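Okay, structure first, notes after.
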Amino acid sequence: MSKIFRSRAPLRLGLAGGGTDVSPYSDIYGGAILNATISLFAYVDIEETNDGTIVFEAKDFECAEVYKIGEPIDHEGQLNLLKGVYNKVQEDYPFVTKGLKITSYVQAPPGSGLGSSSTLVVALLGGFIEMLNLPMGEYDIAHYAFEIERNYLNLAGGKQDQYAATFGGWNFMEFYKDDKVIVNPLRIRPEYLQELSFNIVMYYTGTSRLSSTIIEAQSSNVTKKSYKSIEAMHNLKEQAYMMKEAILKGELSRIGDILDFGWKNKKATASGVTSDIIDTIYESAMKAGATGGKISGAGGGGFMTFYCPGNTRYKVIEVLNTFGG
């Protein structure tokens, strides 16, 4: 019977500081982010076979590619992450195989703003680490995933997603030059977590977006020393500290205002973060009782998150449903 190595990694919800983990801002000024992983996952199976092929299959895309062992594997198309991770691991930790089938499934669409790409990379690395018995700790795995995405595959983005997927839970993360990252797990009282879970409403806009375009614009604004953009990034970093204090102290009534403060500054970091429909959705949720919210990830589409205290979630959800997401 062939061996199967199964792995999964959680998607994440960024709550404060988003974008300050992206170079060159994090290299020059240092970044800070507060995020939490959620009960949606990227799943990967690595199955050893004997048919002389390497098969990549994404169940969520309903597509597959087959290569003969020894045949060059490109990094193109929808399966670029699976193929890229396989190639990099094979380069760095050469292993002999008679055949492999790599199967993936992610419980959120690409461009969702929940870190799905990085989470898939981390999940696949987890499978290879188990299969090859690689001596890697959490920081090693997260940094390796970052290296593969940003440097090997040249995909634009920040650093938080790989660390969130690897560490899991609620974390306050700090980002510095030379790719230095410090992950501070937060010890939050259970009753605060239960209230947070009840009050947070996630809404999928029904559209995905190419985060790299927005991220490149944010990076360019920092490089060009755009005062408006850099000042907004400073405020987003401050938002992460504000959010950490509010959650740890149980001052949950502040969270909506902190999210709203972040949303106003996020829109100032680059064009494309918002749109007319996103602004309309946000304003409608606020009128229905939400006290604050944000777009997940870089912006432009994907998921939106709202903080709905008391029992306002029901009215907010009713209003959001009218937009067809």
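The values are calculated or read from the model by the stated rules, or taken from the named source; none is laboratory data. None of the values given here were measured: they were computed from a predicted structure. Heads up, the Cβs are rebuilt from the backbone with ideal geometry, glycines too, and the neighbour counts pull from every protein chain shown. We work out accessible area using only protein heavy atoms, side chains counted, and drop any ligands, DNA or RNA first. Shrake-Rupley method; radii C 1.70, N 1.55, O 1.52, S 1.80 Å.
Quick look at the numbers
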{"quantity": "Matching residues, the range 244-263, being among the basic types (Lys, Arg) and surrounded by 14 or more Cβ atoms within 10 Å (Cβ to Cβ)", "calculated": "Lys244, Arg254"}
{"quantity": "Residue tally, condition within 24 Å of Leu11 (Cα to Cα) and open to solvent by 10 Å² or more (accessible area, probe 1.4 Å), over the range 285-297", "calculated": "2"}
{"quantity": "Test: Ala232 is on the phi < 0 side of the Ramachandran plot and modelled with pLDDT under 95", "calculated": "yes"}
{"quantity": "Residues of the range 77-121 satisfying the condition of being of a type in the set (Lys, Arg) and touching a helix residue (DSSP H, G or I) at 6+ places or on another chain (Cβ under 8 Å)", "calculated": "Lys88"}
{"quantity": "Residue match in the range 276-287 (condition: assigned to a loop (DSSP other than H, G, I, E, B) and touching a residue at least 12 places away in the same chain (Cβ under 8 Å))", "calculated": "no"}
{"quantity": "Selected residue (only one of Gly262, Gly256, Gly250 is at positive phi and not aromatic (Phe, Trp, Tyr))", "calculated": "Gly250"}
{"quantity": "Total residues in the range 25-36, condition open to solvent by 30 Å² or more (accessible area, probe 1.4 Å) and either among the aromatic types (Phe, Trp, Tyr) or outside any helix (DSSP H, G or I) (or both)", "calculated": "1"}
{"quantity": "Only listed residue being modelled with pLDDT under 95 and either open to solvent by less than 30 Å² (accessible area, probe 1.4 Å) or assigned to a strand (DSSP E or B) (or both), chosen from Val22, Val44, Val55, Val66", "calculated": "Val22"}
{"quantity": "Hey, Tyr139 surrounded by fewer than 18 Cβ atoms within 10 Å (Cβ to Cβ) and among the hydroxyl-bearing types (Ser, Thr, Tyr) or not", "calculated": "yes"}
{"quantity": "So Leu155, is it closer than 22 Å to Ile33 by Cα, part of a loop (DSSP other than H, G, I, E, B) and open to solvent by less than 10 Å² (accessible area, probe 1.4 Å)", "calculated": "no"}
{"quantity": "Where a residue in the range 176-190 is over 19 Å from Asp27 (Cα atoms) and its partner, wherever it lies, is of a type in the set (Asp, Glu) and modelled with pLDDT under 95, with Cβ under 8 Å and at least six apart", "calculated": "none"}
